[in-house]
Amino acid sequence: MIGREIPDFCYRDSTGKEVKFSSFRGNYVYVDMWATWCRPCCEEIPYMGELEKKFHGKKICFVSLSCDKDLQAWKKKLRTDRMGGIQLNCGGDPAFMKFFGIQGIPHGKS
């Protein structure tokens, strides 16, 4: 998917603010699909932080996109693990999953 434009998906962050994918235009975007109930996903969280630090200042955005339908569980995980970066929740949006051919998580796309 490198270099391919995607639809302007719009999801909310933990404060309820809408974030459109078009706001990342001009940058590479790495999307990490995850959920609080996915143990392998949660085990990858520290590595996402390391990647963000390694590429800090580069033209790349790391977007962690949660499939959680339970928003309170998602927000609690963000606080408990002190997750930084761009944290959005799509609730498992079928349009997003279909566009990227995602059939399961964890799943990363760039």
I need the peptides 9-22, 66-79 ranked by packing, meaning the mean over residues of other C-beta atoms within 10 angstrom, with the highest value on top. 66-79, 9-22
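Looking at segment 10-100 only, what percent of DSSP beta bridges run antiparallel? Nearest 5 please. Provide the component values of the computation, followed by the final result.
Values: 5 of 16 bridges.
So the antiparallel bridges in segment 10-100 amount to around 30 percent.
Using just the alpha carbons, could you tell me how many Å³ per residue the convex hull of segment 10-100 encloses?
Dividing the Cα hull volume of segment 10-100 by its residues yields 100 Å³.
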Could you size up the charge dipole of segment 1-48 around its Cα centre, putting +1 on the beta carbon of Lys and Arg and -1 on that of Asp and Glu, and report it in debye to the nearest 20? 120 debye
Vicinal HN-Hα couplings computed from phi for segment 22-38 (Karplus, 6.51 cos²θ - 1.76 cosθ + 1.60; Hz; Gly/Pro x): 5, 5, 9, 3, x, 10, 6, 10, 9, 9, 10, 8, 7, 7, 5, 8, 9
Can you compute 3J(HN,Hα) from phi for each residue in segment 39-47, using the Karplus curve 6.51 cos²θ - 1.76 cosθ + 1.60 with θ = phi - 60°, rounded to whole Hz and x for Gly and Pro? 4, x, 4, 5, 5, 7, 3, x, 6
Can you list the HN-Hα couplings for segment 64-78, worked out from phi with the Karplus curve (6.51, -1.76, 1.60; θ = phi - 60°), rounded to whole Hz and with x for Gly and Pro? 9, 10, 7, 8, 4, 8, 8, 5, 5, 5, 5, 4, 5, 4, 4
Taking H placed 1.01 Å from N in the peptide plane, check which residues at least 5 places from Val63 or on another chain put their amide H under 5 Å from its amide H. Tyr30, Val31, Asp32
Once you measure Cβ to Cβ distances between cysteines in the chain, which Cys have no partner under 4.7 Å? Cys10, Cys42, Cys61, Cys67, Cys90
At 0.36 nm per residue, minus the direct Cα-Cα distance, what do Asp93 and Lys20 gain on full extension? Give it in nm, one decimal, please. 24.9 nm
Using Cα-Cα distances under 8 Å and only pairs 6 or more residues apart, what relative contact order does the chain have, in percent? 35 percent
Per-residue ellipticity at 222 nm for the chain, helices alone: DSSP H runs ≥ 4 residues times -39500 (n - 2.57), over residue total, nearest 500 deg cm²/dmol? -9000 deg cm²/dmol
Let's see if you can work this out: charge +1 on each Lys and Arg Cβ, -1 on each Asp and Glu Cβ, no other charges. What is the dipole magnitude of the chain about its Cα centre, in debye to the nearest 20? 200 debye
Setting aside same-chain residues fewer than 8 positions from Lys53, which lysines have a Cα under 25 Å from its Cα? Lys17, Lys20, Lys75, Lys76, Lys77, Lys109
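The numbers here are math on the coordinates, done by the rules we state, and not lab data. These numbers were taken from a predicted model, which means no experiment stands behind them. FYI the Cβ positions are ideal-geometry reconstructions off the backbone, even for glycines, and counts take in every protein chain you see.
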